[in-house]
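Chemist: Before anything else, here's the structure in question.
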Amino acid sequence: MQSTAATFDVAILGNGLVGSTLAAVLARRGARVALISEDTHPRYTPGEIATPYTAALLRMLAERYDVPELAALATAKRARTEVSAHLGTAQASSFVYHRGGGPRAPREVFQLAPPRVLPAPPTLYRQDTDAYVFHTACRYGATSYQQAKVAEVVTDADGVTVVRADGRTIRARFVVDTGGRGARLIDLFHTREQPSRLRHRSAGIATHMVRVGSLDLAPPDRPPVPWGAGPLHHVFRGGYVWVVPFGPGRDGTPLVWSVGASLTGVEAVGEPAELWAGLLDRFPDIRAQLGAARSVQPWATFESAPLGDGCAGDRWCAIGEAAGFVDPLMSRPLLRGLEAVGFLGGRLLDAIRTGDFGARRFQFMTEFAQRAMDADDRLVHAFFGASVDYGLWRAFLAVWELGSFYGRLTVEHAGREFERLETAKYLGLPFPGHEGYHELFERACADIDDVTAGRTSAQAAAGRIHAGLRATGLVPPGLPLADPSLRFLHPGPADLVRLLRWDAPDEVRPLITAMRRSRR
Ligand SMILES: Cc1cc2nc3c(=O)[nH]c(=O)nc-3n(C[C@H](O)[C@H](O)[C@H](O)COP(=O)(O)OP(=O)(O)OC[C@H]3O[C@@H](n4cnc5c(N)ncnc54)[C@H](O)[C@@H]3O)c2cc1C
């Protein structure tokens, strides 16, 4: 193929949330960006829970690249007025445990709400969220090609030629694949790991539903915030079902919910409706809430996909789910995608300025993808392993939530200097720079492995994990995650004051101090 001068600095394959966010930050800084996708907005995509960590990343990207529109997605209040009233409010994040085969046992529940004085994150109705970020990118000057399926990508010494299925070509200096789980750029330049390094494999289904019932559990399982007022996970041995409400209609109840399931031990989903019916048969309390619900989108299916043995090279890079996918748990795939935008954006702007798009500059993106996937794999493997027992699962959740708490503060603290997290020793973990947290996380994973292998009981392992949590000294007052009897964690203003006045250990004191300053 003849090489011609590049029309664009960067061609981005895929205009979903990750591709459009990258396009917005680059175009805002004057880069010539082509945003190419085989479909059009608005469209259904699963992936609707935004965590406080998601919010922190969006605020960081907004500030670092001067794209204030991204910060509107960080709180439900702003998102519902500035993006779309279809987005919902995550007043709490809730979990209900099921033993299966019969009614659930009382007290096997957990609910975590953000401190009441802090803004709640939104639930992301992706049709509107993705279109909003896409239009933001276009307003900053990105050129959109919709209904343009990419058939091939060819790199040469001067640039990249993106060949569309209709034979037309787009010429750029660099290409980024954000094409999601079906993306193929890695396959053009590398092989997928064989055998895959992933210990965990899961598969599942997702859709939008109407006529979702309310989950009205009798005391003592009635939480301060109704179970339906935010993302709810039904957890059971080897899997989970999520139910996520979107914006309310006139009667105050959500017009539509995101519903889906992830299961381990399933290589690929055959018939989604059959899998769903089987789940409702196994779990009567889930059936009570969802038995009458009806799907209003075709079921989407997903399964774990191995990582490429390289995710970047001369003039190309793959990020987000295009780089590999373990499981949607804890919003990890999107978080990884947004983190990758943070790490890649600055590199690309430097490359555009210097004209050097060589592999060396982008080598870190492979390291990041691999380490983040390793961490996700350990998280998901441990979560599913712990799901054999409520107490064990609850202990592991506390470890994860503690990491997410500090991870969010770390991103907020780094702010415009987000890239300095690249050197964090435990990149990929929610609290990537902290030795003590890393040890806690790894020990918890090992304890869960011991349970799986029959070397110890779930009760003994849960006890050790809670003891480990207390021993770190990292659990702040007002956030008593190490208390195994705690089922509803709803920090009030007094808890927040105690947390902000906490005489924290040296290594986390700067994070708590920064939090204190930002609340003034
Ligand atoms: C079932 C499920 C539930 C999830 N839940 C959550 C959650 O609750 N919270 C969360 O944060 N994350 C969640 N995730 C992850 C999150 O949804 C994804 O990480 C996110 O949607 C990825 O966005 P993206 O822009 O990378 O890809 P996508 O949104 O998949 O966009 C990729 C785009 O690339 C286009 N494309 C692909 N191939 C080509 C081609 N050859 N030519 C042209 N265009 C192409 C596609 O048409 C598509 O428009 C979930 C994921 C799944 C699968």
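Chemist: So in the range 67-90, with the set limited to residues that are more than 15 Å from T51 (Cα to Cα) and small (G, A, S), which one is most open to solvent (accessible area, probe 1.4 Å)?
Modeler: A85
Chemist: Another question, if that's okay. Which residue is most open to solvent (accessible area, probe 1.4 Å), if the candidates are limited to the range 23-41 and must be out of contact with any helix residue (DSSP H, G or I) (no Cβ under 7 Å at 6 or more places or on another chain) and within 12 Å of the ligand (Cβ to nearest atom)?
Modeler: Among those that are out of contact with any helix residue (DSSP H, G or I) (no Cβ under 7 Å at 6 or more places or on another chain) and within 12 Å of the ligand (Cβ to nearest atom), it is E38.
Chemist: When you scan the range 46-66, do you find a residue that is part of a helix (DSSP H, G or I), closer than 18 Å to V150 by Cα and either touching a Lys or Arg at 6+ places or on another chain (Cβ under 7 Å) or open to solvent by less than 40 Å² (accessible area, probe 1.4 Å) (or both), even just one?
Modeler: No: the range 46-66 contains no residue that is part of a helix (DSSP H, G or I), closer than 18 Å to V150 by Cα and either touching a Lys or Arg at 6+ places or on another chain (Cβ under 7 Å) or open to solvent by less than 40 Å² (accessible area, probe 1.4 Å) (or both).
Chemist: Checking the condition surrounded by 14 or more Cβ atoms within 10 Å (Cβ to Cβ) and within 12 Å of the ligand (Cβ to nearest atom), which residue from A183, A151 passes?
Modeler: Result: A183 is the single residue among A183, A151 that is surrounded by 14 or more Cβ atoms within 10 Å (Cβ to Cβ) and within 12 Å of the ligand (Cβ to nearest atom).
Chemist: What is the number of the single condition among (1) assigned by TED's automatic domain parsing to the domain that holds G19; (2) within 30 Å of E267 (Cα to Cα); (3) surrounded by 13 or more Cβ atoms within 10 Å (Cβ to Cβ); (4) more than 15 Å from the ligand (Cβ to nearest atom) that T191 does not meet?
Modeler: Going through (1) assigned by TED's automatic domain parsing to the domain that holds G19; (2) within 30 Å of E267 (Cα to Cα); (3) surrounded by 13 or more Cβ atoms within 10 Å (Cβ to Cβ); (4) more than 15 Å from the ligand (Cβ to nearest atom) one by one, T191 breaks only (3).
Chemist: Tell me whether the range 113-134 contains one or more residues that are more than 16 Å from the ligand (Cβ to nearest atom), within 30 Å of the chain's Cα centre (by Cα), open to solvent by 60 Å² or more (accessible area, probe 1.4 Å) and of a type outside the set (K, R).
Modeler: yes
Chemist: Okay, moving on. Consider Y97 carefully, then state whether it is open to solvent by 30 Å² or more (accessible area, probe 1.4 Å) and closer than 23 Å to L329 by Cβ.
Modeler: So Y97 does not fit the description; no.
Chemist: Which condition number in (1) on the phi < 0 side of the Ramachandran plot; (2) open to solvent by 20 Å² or more (accessible area, probe 1.4 Å) is the one that H466 fails?
Modeler: (2)
Table: residues versus (1) modelled with pLDDT under 95; (2) within 13 Å of the ligand (Cβ to nearest atom).
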{"residue": "S331", "(1), (2)": "yes, yes"}
{"residue": "E339", "(1), (2)": "no, yes"}
{"residue": "F343", "(1), (2)": "no, no"}
{"residue": "A351", "(1), (2)": "no, no"}
{"residue": "G355", "(1), (2)": "no, no"}
{"residue": "M365", "(1), (2)": "no, no"}
{"residue": "R371", "(1), (2)": "yes, no"}
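The values are calculated or read from the model by the stated rules, or taken from the named source; none is laboratory data. Predicted, not measured: the structure shown is a model, and the values here were computed from it. We place every Cβ from the backbone using ideal geometry, glycine too, and count neighbours over all the protein chains shown. All accessible areas refer to the heavy atoms of the entire protein, side chains included, with ligands and DNA or RNA removed. Shrake-Rupley method; radii C 1.70, N 1.55, O 1.52, S 1.80 Å.
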